[in-house]
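Written below as structure tokens is the structure these notes are about.
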Amino acid sequence: MPRNKDLKRLVRARMAETGENYTRALTALELRGAMADQIAAPVDLGKDLPDAVLAALRTVPRHLFAPGVPLARAYEDAYTSIVTKRSELGTSLSSVSAPWIVAGMLAQLDVRPGQSVLEIGSGGYQAALLRELVGAEGSVTTVDIDPEVTDRARACLDLAGYGDVRTLCADGEYGAPAHGPFDRIIVAVQARDIPPAWTEQLTPDGRLVAPLLTRGVSRSWELDREDGHLVSRSNGPAGFVPMQGAGKHRGWRLDEAGVRLWSDEPVGVDRAALAAVLATERAEAWSGVTVPRGELITGPDLWLAADPDHCCLKASQDAVDRGLVAATWTMNVPALAARSSLAYRARMRPVDDEGTAYEFGAYGHGPHGAELAERLAGHIRTWDRDHRGGPGPVLTVHPAGTPASDLPGGCVLNRRHTTMVLSWEAAR
Ligand SMILES: C[S@@+](CC[C@H](N)C(=O)[O-])C[C@H]1O[C@@H](n2cnc3c(N)ncnc32)[C@H](O)[C@@H]1O
């Protein structure tokens, strides 16, 4: 928290800007400080958090970008987004992003004062953080496909004192051609490809940060130009609402009895056979690889996604309660689906009574379930032996149609506009 004198000054400034009374302005400031402290604590953002990002998190009044949401709710949980719009089916269409994901992506973006930044997918909150980072000499443009979102973002930005952030209603697939080029572009909506406009509208030494799907796994990548393609050597947590417009991706999906299998790529399985497979006898394979209590268990996720049969499993609480699945958690559980069989990462198994560490394992169902479960456990062993604690994969993004001989070795993902390759160097 700021010192007492600074606090009073900040509270008065906030009251003048927003018309809030003293108590509300002070409470918001305190809550925001606590939220920033939560993010500053060592969580796996994939990067160190720059002081400027932390200062911006302490400054921008997040609650003003979530009208109608109780003040405490706007700050109490740095790990959760606030959904602001849903489809008729209940799918999230727009949200105020989770602060720790925003913080990690801003760390990747490395914004400098005076720069020109484009945000794709608005809401106002992150645009305000960006405005804090570029300062008065810089500029921020934010584009959203939904006029309801841009209208709300405009009103919230004005109320919070960020009237000079430019809001545009358009399909972000095409960037903001009239206002580029940009030193930085940040994508705040789930993409699976890099459309040409994003690279064309970047300055020669500009950086693009985007959450990309790789066989169902969403990670945020920091992409720089290198020898005619884009390269990212860092990835961080990401999870966003799906892209609409020209970049919309339908993917592959199978819903059955409260369990969803999905991927952004086609999955080569016998759908009818797979639909009933979870009810069949369960095979188990344990990897011998453990993680200490409290450590994230997502380490092997990108390595598992390199398997061509990889997809993700999501289970309803009801399916878990009925004992149909015993997964690590209910969302985005790594799975392998092939022919008429399925394996998925099992709920972690404690190695002792105190639960000091937990072991990775896999459950399999169907005629090839045991084989698939063993394959998944084997991938985790390889990750543990060769890549754990290493730099993680490098993502390179090449124009679509680049001959295989010009691509690096690794997992190749063909997209409409690009060919992406995930390559691993062994941990030293
Ligand atoms: C997670 S929200 C963005 C959150 C926001 N940046 C914040 O400050 O918290 C994602 C937004 O992307 C928008 N969106 C979806 N497809 C888009 C597209 N093709 N172009 C621009 N915006 C898009 C949605 O309407 C939604 O408002």
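The values are calculated or read from the model by the stated rules, or taken from the named source; none is laboratory data. Since the model is a prediction, treat every value here as computed from it, not as a measurement. Backbone-built Cβ (ideal geometry, glycine too); neighbour counts: all protein chains shown. Side chains included, ligands, DNA and RNA excluded: accessible areas come from the protein's heavy atoms. Shrake-Rupley method; radii C 1.70, N 1.55, O 1.52, S 1.80 Å.
Okay, here's what the table says:
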item: Subset of the stretch 376-423 that is within 23 Å of ALA337 (Cβ to Cβ) and open to solvent by 40 Å² or more (accessible area, probe 1.4 Å) - its residue that is farthest from the chain's Cα centre (by Cα); result: ARG381
item: Test: residue in the stretch 247-263 that is in a loop (DSSP other than H, G, I, E, B), hydroxyl-bearing (Ser, Thr, Tyr) and more than 16 Å from the ligand (Cβ to nearest atom); result: no
item: Sole residue being within 16 Å of the ligand (Cβ to nearest atom), assigned by TED's automatic domain parsing to the domain that holds LYS85 and open to solvent by 20 Å² or more (accessible area, probe 1.4 Å), chosen from PRO196, PRO204; result: PRO196
item: Top-ranked residue in the stretch 288-303 [being hydrophobic (A, V, I, L, M, F, W, C) and open to solvent by 40 Å² or more (accessible area, probe 1.4 Å); ranked as nearest to ARG385 (Cα to Cα)]; result: TRP303
item: Residue that is within 28 Å of VAL96 (Cα to Cα) and either of a type in the set (S, T, N, Q) or out of contact with any Gly (no Cβ under 7 Å at 6 or more places or on another chain) (or both), where the choices are GLU226, GLU222, GLU256; result: GLU222
item: Single unsatisfied condition, VAL217 versus (1) out of contact with any Ser or Thr (no Cβ under 8 Å at 6 or more places or on another chain); (2) away from the ligand (no atom under 16 Å from the Cβ); (3) open to solvent by 20 Å² or more (accessible area, probe 1.4 Å); result: (3)
item: Any hit, the stretch 115-127, residues being within 9 Å of the ligand (Cβ to nearest atom), surrounded by 24 or more Cβ atoms within 10 Å (Cβ to Cβ) and charged (D, E, K, R); result: yes
item: Checklist (1) part of a loop (DSSP other than H, G, I, E, B); (2) open to solvent by less than 60 Å² (accessible area, probe 1.4 Å) applied to TYR344, failing item; result: (1)
item: Filtered residue count, the stretch 265-297, keeping only those that are part of a helix (DSSP H, G or I) and of a type in the set (Gly, Ala, Ser); result: 4
item: Qualifying residue in the stretch 328-341 (condition: closer than 30 Å to GLU173 by Cα, outside any strand (DSSP E or B), outside the structural domain of ARG260 (by TED's automatic domain parsing) and in contact (Cβ under 8 Å) with a residue 60 or more places away in the chain); result: no
item: Residue list for the stretch 81-96, filter: hydrophobic (A, V, I, L, M, F, W, C) and either part of a loop (DSSP other than H, G, I, E, B) or near the ligand (Cβ under 8 Å from one of its atoms) (or both); result: LEU89, LEU93, VAL96
item: Hey, ARG112 assigned to a loop (DSSP other than H, G, I, E, B), open to solvent by 10 Å² or more (accessible area, probe 1.4 Å) and either basic (Lys, Arg) or within 12 Å of the ligand (Cβ to nearest atom) (or both) or not; result: yes
item: Tally, over the stretch 298-327, of residues that are assigned to a loop (DSSP other than H, G, I, E, B) and over 19 Å from the mean Cα position of the chain (by Cα); result: 9
item: Selection from the stretch 66-80 of residues that are more than 20 Å from the chain's Cα centre (by Cα) and outside any loop (DSSP other than H, G, I, E, B); result: LEU71, ALA72, ARG73
item: Total residues in the stretch 55-71, condition at pLDDT below 90 and open to solvent by 50 Å² or more (accessible area, probe 1.4 Å); result: 3
item: Number of positions in the stretch 145-184 that are more than 9 Å from the ligand (Cβ to nearest atom), surrounded by fewer than 18 Cβ atoms within 10 Å (Cβ to Cβ) and part of a loop (DSSP other than H, G, I, E, B); result: 4
item: The stretch 131-143: number of residues that are open to solvent by less than 40 Å² (accessible area, probe 1.4 Å) and either within 16 Å of GLY180 (Cα to Cα) or not assigned by TED's automatic domain parsing to the domain that holds PRO61 (or both); result: 6
item: From GLN190, GLN244, residue being within 15 Å of the ligand (Cβ to nearest atom), closer than 24 Å to ILE82 by Cβ, in contact with a Phe, Trp or Tyr (Cβ under 6 Å, 6 or more places away or on another chain) and of a type outside the set (A, V, I, L, M); result: GLN190
item: Check on ALA52, in contact with a helix residue (DSSP H, G or I) (Cβ under 9 Å, 6 or more places away or on another chain), at pLDDT 80 or above and closer than 15 Å to GLU132 by Cα; result: yes
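Matching residues to (1) among the acidic types (Asp, Glu); (2) more than 16 Å from ARG112 (Cα to Cα); (3) in contact with a Cys (Cβ under 8 Å, 6 or more places away or on another chain):
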{"residue": "GLY180", "(1), (2), (3)": "no, yes, no"}
{"residue": "ARG215", "(1), (2), (3)": "no, yes, yes"}
{"residue": "GLU222", "(1), (2), (3)": "yes, no, no"}
{"residue": "HIS229", "(1), (2), (3)": "no, yes, no"}
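Results for (1) open to solvent by 20 Å² or more (accessible area, probe 1.4 Å); (2) more than 26 Å from the chain's Cα centre (by Cα); (3) at pLDDT 90 or above, shown as yes or no for each residue.
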| site | (1), (2), (3) |
| --- | --- |
| ASN235 | yes, no, yes |
| GLY251 | yes, no, no |
| LEU261 | no, no, yes |
| GLU265 | yes, no, no |
| ALA279 | yes, yes, no |
| ALA283 | yes, yes, yes |
| TRP286 | yes, yes, yes |
